[in-house]
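To keep things clear, I will list the structure first and then write my remarks on it.
The values are calculated or read from the model by the stated rules, or taken from the named source; none is laboratory data. Owing to the predicted nature of the structure, the values given are computational and were not obtained by experimental measurement. So basically every Cβ, Gly included, is an ideal-geometry build from the backbone, and we count neighbours across all protein chains shown. Accessible surface is based on the protein model in full, side chains and every heavy atom, while ligands, DNA and RNA are left aside. Shrake-Rupley method; radii C 1.70, N 1.55, O 1.52, S 1.80 Å.
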Amino acid sequence: MFRTRITEMLNIKYPIIGGTMMWISTPEFIAAISNAGGLGILASAIYQSKEEFAAAIDQILSLTDKPFAVNINLFPAMRAIDNDEYVDVLIEKGVRIVETSGHSAPEALCERFKGAGMTWIHKCVGIRYALKVQNMGADIVTVVGYENGGATGRLDICTLVLVPRVVDAVKLPVIGGGGVADGRGFLAVLSMGAEGVIIGTRLLATKEAPIHEDLKQALVNASELDTMLVMRSINSTHRVWANAAARKCLEVENGGGDLNEILSIVAGTNAKKMYDEGDLDAGILSCGQGVGLAHDIPTLQDLFDRIIEEASQKAGEIAAS
Ligand SMILES: Cc1cc2nc3c(=O)[nH]c(=O)nc-3n(C[C@H](O)[C@H](O)[C@H](O)COP(=O)(O)O)c2cc1C
């Protein structure tokens, strides 16, 4: 059940994509997602050098024989990123699946993906971007609605409208997400014509997620009301967990604070401190409204199996009603 063009093209058991998560999408976590039947995506932006990045790919290859992907970050970053160098490594290591997110990939980069025979997935938040990358030769488009954790863009379209609109607009297979956290969300997104789902926030509360146990527990205790938007004033809107750092960020923005002040709050080093040491107010954590649907901390395998089982059961109940 739930075999789609996405499971065929990516050669995965379940049409479940583990969303790229900066600092969290490490080789161990990626391999665990792929071993559980989904598609893990390594965040290349974690790595400061070509050598470290190549070592991370070797590590994934030693941990799984299942397909995995690598994310090439096209969002503005705090440090200069040479994506061409990362793509050199992808080609050297024979990586088969690449995901881009952020702005549209430059033409030259896309040509390198295509030339190397990679399956290229682009993640975005609106029809216009999906059509653009379809014209540029993308193989799959991922769209995430406004309730998602992380970058929300400027269009503010919720998943329930965005997914069917994009499915109707493009010929490419679509992966949909933003708020998917259980079998009901999974089935809803597939019912709207997507052929796979992407899940980020819900994966934070799993045994394998490389973040502090106190942070996982805080997310289990959180509800759908505990997220907020920050960085809209600098054209980089993100949905994040509403902790002290996020509230401070918004306060600075509302007070007309300067860019450096905002960046000092949202810096990755602060977030890393929160992930590693469990200091819950140290930094910003991207977090979607689906956090209200996370009530426990299962293994990835248990979570994926449960999602598929629940979706199958619900589909049966609806058909029989
Ligand atoms: C903690 C966290 C970090 C994220 N970091 C990134 C990132 O670095 N790059 C990216 O393209 N998306 C990032 N995302 C977005 C996810 O890849 C995914 O698109 C999103 O989480 C899906 O929506 P959901 O959170 O409602 O499941 C992040 C999401 C979370 C929760």
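Would you check which residues across region 280-298 are more than 18 Å from the chain's Cα centre (by Cα) and in contact (Cβ under 8 Å) with a residue 60 or more places away in the chain and list them?
Listed by number, the residues that qualify are 280, 295, 296, 297, 298.
Name the single residue that is surrounded by the fewest Cβ atoms within 10 Å (Cβ to Cβ) among those in region 62-75 being within 12 Å of the ligand (Cβ to nearest atom) and over 18 Å from residue 16 (Cβ atoms).
For region 62-75, the residue satisfying everything is 75.
Any residue at all in region 125-133 that's small (Gly, Ala, Ser), buried (at least 17 other Cβ atoms within 10 Å of the Cβ) and in contact (Cβ under 8 Å) with a residue 60 or more places away in the chain?
No, region 125-133 contains no residue that is small (Gly, Ala, Ser), buried (at least 17 other Cβ atoms within 10 Å of the Cβ) and in contact (Cβ under 8 Å) with a residue 60 or more places away in the chain.
Please find, among 176, 153, the residue that is touching a helix residue (DSSP H, G or I) at 6+ places or on another chain (Cβ under 9 Å), crowded, with 23+ Cβ neighbours inside 10 Å and under 30 Å from residue 107 (Cβ atoms).
176
If residue 257 satisfies every condition in (1) open to solvent by less than 30 Å² (accessible area, probe 1.4 Å); (2) touching a Gly at 6+ places or on another chain (Cβ under 9 Å) but one, which is the exception?
So residue 257 meets the others, but not (2).
Somewhere in region 263-286, is a residue surrounded by fewer than 20 Cβ atoms within 10 Å (Cβ to Cβ), in contact with a Gly (Cβ under 9 Å, 6 or more places away or on another chain) and of a type in the set (Asp, Glu)?
no
Could you please let me know if residue 215 is buried (at least 19 other Cβ atoms within 10 Å of the Cβ), within 14 Å of the ligand (Cβ to nearest atom), modelled with pLDDT of 95 or more and in a helix (DSSP H, G or I)?
Here the answer is yes, as residue 215 does meet what is asked.
Report, by residue number, each residue of region 76-112 that is within 16 Å of the ligand (Cβ to nearest atom) and touching a Ser or Thr at 6+ places or on another chain (Cβ under 9 Å).
76, 81, 83, 86, 97, 98, 99, 101, 109
Go through (1) part of a loop (DSSP other than H, G, I, E, B); (2) under 19 Å from residue 200 (Cα atoms); (3) hydrophobic (A, V, I, L, M, F, W, C) for residue 282 and report which single condition fails.
Residue 282 satisfies every listed condition except (2).
Out of the residues in region 25-54 that are farther than 25 Å from residue 304 by Cβ and among the charged types (D, E, K, R), which is most open to solvent (accessible area, probe 1.4 Å)?
51
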